[in-house]
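The values are calculated or read from the model by the stated rules, or taken from the named source; none is laboratory data. Since the structure is predicted, the reported quantities are computational estimates derived from the model, not experimental observations. In this analysis, Cβ positions are derived from the backbone assuming ideal geometry, glycine residues included, and neighbour counts consider all displayed protein chains. Accessible surface areas use protein heavy atoms only, side chains included; no ligands, DNA or RNA. Shrake-Rupley method; radii C 1.70, N 1.55, O 1.52, S 1.80 Å.
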Amino acid sequence: MNRPGTVPWPDEVARDYCAKGYWRNRPLGAYLWEWADRFRSRTAVVDGDHRLSYRELAERSDALAEGLARSGVRKGDTILVQLPNCWEFVVVLLACARLGAAPVLALMPHREHELSYLAELAEVAAIVVRDEWRGYEHQQLAATVAADTPSAATVMVVGDHVYPEHVDLRSLMRQADEVAARKHRLDAAPPDPRDVLLFLLSGGTTGLPKVIARTHNDYEYNARRSGEVCEFHADTVYLAALPIAHNFALGSPGALATLMNGGMVVLLPSPEPRAAFAEIEREQVNVTSVVPAVAQRWLDALPSASDDLASLQVIQIGGSVLPDGMVRSLITGFDCQVQQVFGMAEGLLNYTRLHDPYDVVTETQGRPICADDELLVVDEQDSPLLPGTPGELLTRGPYTPRGYFAAPQHNARAFTADGWYRTGDIVRITPEGNLSVTGRVKDQINRGGEKIAAVELEDLARDLLPQVLDAAAVAQTHAELGEAVCMCVVLRPGSELSLAELQEAFERKGVARFKFPERLAIFSAFPQTAIGKIDKKQLRLSVDHLLDESFAADSPQTSRQAH
Ligand code: OOB
């Protein structure tokens, strides 16, 4: 891996991963035509009424790779991609892989605050967006971000209303002729498989989301091995209802492993139960992945659904802690198998296996996919704990990079000196080697699977609102999402703050909506730990307690507490 800002695996470790066959030293784009030749006219991608065969997928991706190059994107460049689940997303990803340009996969709710930061950090050459999505003008957003970005990014748009000054992305892939010649040209200049295939975003624990550079070698393995473990095959029909900009639905095993096996990827822009159930019936979906918040919505919708869901054989569930009994409810409700998934954009993936005993499937989050995934469970001093004792999980392995992109200071804390990633998750490993996630030490809020760094919200509250003296964002227990953001503040004497004012300030700053605090709790002082830090554990407890009380008092959104 030779891009500035990336942290390569040590040479001897990389050699070992190659020797063991984890890394195949082929760029992902090299597989595209293999799939096309093997699976030809079989359907690769379904997006509503739009269907792409394996051959069409390869042809379009090649056409776009050259189209991107004509528009000034070069091998080694980075582009910011903000697209919903749609067939163009898949083509953009594969075109980038062919060309050797790396997409940064932003999420649809991201706004100026996040996109400007990502565009600048990754020095992007282009920004790819939809013209409009759910009533929001993404094209305008991209124009604003591009204008502020020192790298002078070109705006490329998917949609029917492309401004004249922007590039129409669909037109770049409309090149039916000279397929063989183009293939030949692209084959002749492949990217280095040790280079970055794509950048995933991490919830992170400090500031804005951290960016994770995943290489062709490591991410191809990530998806291939996940596909093996989850038994994906040519008849796999995978429903991507979670965002494919996320590691879970993209490559764990997700859309990528489906394509590797000749299966069919069915894309939906939202996991809304009615649309998801209808699509399962229509396309005979047999596997999908959900986060617990989505699973709950599906379970709630099940009794009134009239769709035939008999094709569904496996539901994969992960992304946040599962409520008790949820796996059992899914198995019975959907009459299918369930796989628990404990994964992270940073790498390490654990799955329960399809043939595991019932209690392993219902009670654990499974085990790693690779014999060379190294796991260490440590105490607060980084000392390894006795087997079976809960502690923080550290990990290294062939698809867990050794550092975040362009974040040396953060890396010094998030990774040990010898390259272990500190997951921030508290786990217990059973004698059989399965992991059970029992908590976390990282200061994060996991809102229905979306991770939010508490510090980012606290900085925003302090910076945007002069009346805020101190701020502490904590997770508040939420019936549907698991956790929601509660902002605790200490105000300057004599000042006031309402939840609406707080949310308006976030809105003006262009912060992604899922990060908006849903509750505000005003304190006269924060509880402190023995060494004088804000005691977030205590805060979280008092917030849950407070909100119970305020529910009773019928003023559910803002609560006051003297401390
Ligand atoms: C997935 O990836 P990320 O990067 O959005 O979040 C990773 C974090 C983990 O460190 C852990 O804190 C939490 O999400 N998490 C779970 C979990 N799965 C993820 N916590 C408890 N139980 C689980 N089953 O969330 C992700 C990536 C690939 C596959 C699946 C999930």
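Taking all protein chains together and a probe of 1.4 Å, list Tyr136, Tyr31 from the most accessible to the least accessible.
Largest accessible area first, the list is Tyr136, Tyr31.
Which percent, to the nearest 5, of DSSP beta bridges fully inside segment 444-561 are antiparallel?
60 percent
Using alpha carbons only, how many angstrom separate the centre of segment 480-497 from the centre of segment 356-385?
35 Å
Choose one of His166, Gly263, Ser151: the residue whose Cα lies farthest towards the positive end of the charge dipole of segment 28-269 (beta-carbon charges +1 Lys, Arg; -1 Asp, Glu; about the Cα centre).
Going by the charge dipole, the pick is Gly263.
Using only the alpha-carbon atoms, what does segment 225-376 span along each of its principal axes? Please give whole angstrom values in decreasing order.
46, 34, 26
Using the Cα centre of the chain as origin and beta-carbon charges of +1 (Lys, Arg) and -1 (Asp, Glu), tell me which of Ser542, Ala181, Val455 is placed farthest towards the positive end of the dipole.
Ala181
Quick check: from the Cα gyration tensor, does segment 288-327 come out rounded (a/c under 1.5), prolate or oblate?
Here segment 288-327 falls in the oblate category.
Under a 1.4 angstrom probe, counting protein chains only, how are Lys183, Lys20 ranked by accessible area, largest first?
Lys20, Lys183
Between Rg and the Kirkwood Rh of segment 10-103, both from Cα atoms, what is the Rg to Rh ratio?
We get a ratio of 1.04 for segment 10-103.
Can you tell me the Rg and Dmax of the chain, counting just the alpha carbons, in angstroms?
Over the chain's Cα set, Rg and Dmax evaluate to 23.3, 73 Å.
Can you give the accessible area per residue of segment 444-561, in Å², using a 1.4 Å probe?
47 Å²
Just to confirm, what accessible area per residue do you get for segment 28-269 at 1.4 Å probe, in whole Å²?
32 Å²
Taking square-rooted eigenvalues a ≥ b ≥ c of the alpha carbon gyration tensor, is segment 373-421 rounded, prolate or oblate, where a/c under 1.5 means rounded and, failing that, a/b exceeding b/c means prolate?
Note, shape of segment 373-421 comes out oblate.
Working out 0.36 nm times the residue gap between Glu363 and Thr477, then minus their Cα-Cα distance, what length gain in nm do you get to one decimal?
Additional length available on full extension: 38.9 nm.
Between Thr430 and Leu469, what length in nm is gained on full extension when 0.36 nm per residue of separation is reduced by their alpha carbon distance?
Between Thr430 and Leu469, full extension yields 9.5 nm more.
Where a ≥ b ≥ c are the square roots of the eigenvalues of the C-alpha gyration tensor, would you call segment 240-279 rounded, which needs a/c under 1.5, or, failing that, prolate if a/b is larger than b/c, or oblate?
Because a/c hits 1.5 or more and a/b fails to exceed b/c, segment 240-279 counts as oblate.
I want to check a number: in the chain, how many lysine pairs have alpha carbons closer than 20 Å, given a sequence separation of 8 or more or different chains?
Taking the chain as the scope, the lysine pair count is 15.
Largest first, how would His233, His355, His246 line up by accessible area (1.4 Å probe)?
His355, His233, His246
Based only on Cα atoms, what mean projected area does the convex hull of segment 218-262 have, in nm²?
2.6 nm²
What part of the accessible area of the chain, given as a whole %, is carbon or sulfur when the probe is 1.4 angstrom?
Of the solvent-accessible surface of the chain, carbon and sulfur hold 50 percent.
Can you show me the helix-derived [θ] at 222 nm for the chain, built from DSSP H runs with n ≥ 4 at -39,500 (n - 2.57) apiece and divided by the number of residues, rounded to the nearest 500.
Estimated from H runs of four or more residues: -10000 deg cm²/dmol.
Under a point-charge model restricted to the Cβ atoms of Lys and Arg (+1) and Asp and Glu (-1), what is the dipole moment magnitude of segment 28-269 relative to its Cα centre, in debye to the nearest 20?
For segment 28-269, the charge dipole is close to 460 debye.
Going toward the positive end of the dipole of segment 28-269, with +1 on Lys and Arg Cβ and -1 on Asp and Glu Cβ, which of Ile244, Trp133, Pro84 do you reach last?
Ile244
Any idea what the dipole of segment 444-561 comes to, in debye rounded to 20, about its Cα centre with Lys/Arg Cβ at +1 and Asp/Glu Cβ at -1?
Approximately 320 debye in magnitude.
Between Ala189 and Asp459, with labels modelled 7 Å along Cα→Cβ, what's the label distance in nm to one decimal, could you check?
Output for this residue pair reads 3.7 nm.
Arrange the peptides 462-472, 75-85 so that the one whose residues have, on average, the most other Cβ atoms within 10 Å appears first.
75-85, 462-472
Could you bin all the Cα-Cα distances of segment 28-269 into 10 Å bins starting at 0 and give me the percent of pairs in each, rounded to whole numbers?
All Cα pairs considered, the percentages come to 8, 34, 40, 17, 2.
Provide the net charge surrounding Arg462, with neighbours chosen by a C-beta distance below 13 Å and charges set as Lys +1, Arg +1, Asp -1, Glu -1.
-3
Would you calculate the volume per residue, in Å³, of the smallest convex hull containing every Cα atom of segment 444-561?
101 Å³
Assign unit charges at the C-beta atoms only (+1 for Lys and Arg, -1 for Asp and Glu), then state the dipole size of the chain relative to its Cα centre in Debye, rounded to the nearest 20.
Result for the chain is approximately 960 debye, rounded to the nearest 20.
Using the eigenvalues of the Cα gyration tensor, what equivalent ellipsoid semi-axes result for segment 335-484 when each is taken as the square root of five times the eigenvalue, whole Å, largest first?
Output for segment 335-484: semi-axes of 30, 21, 14 Å.
Tell me, what is the FRET efficiency for Ser53 and Glu504 to the nearest 0.05, using R0 = 56 angstrom and their Cβ-Cβ distance as r?
E(calc), rounded to 0.05, equals 0.70.
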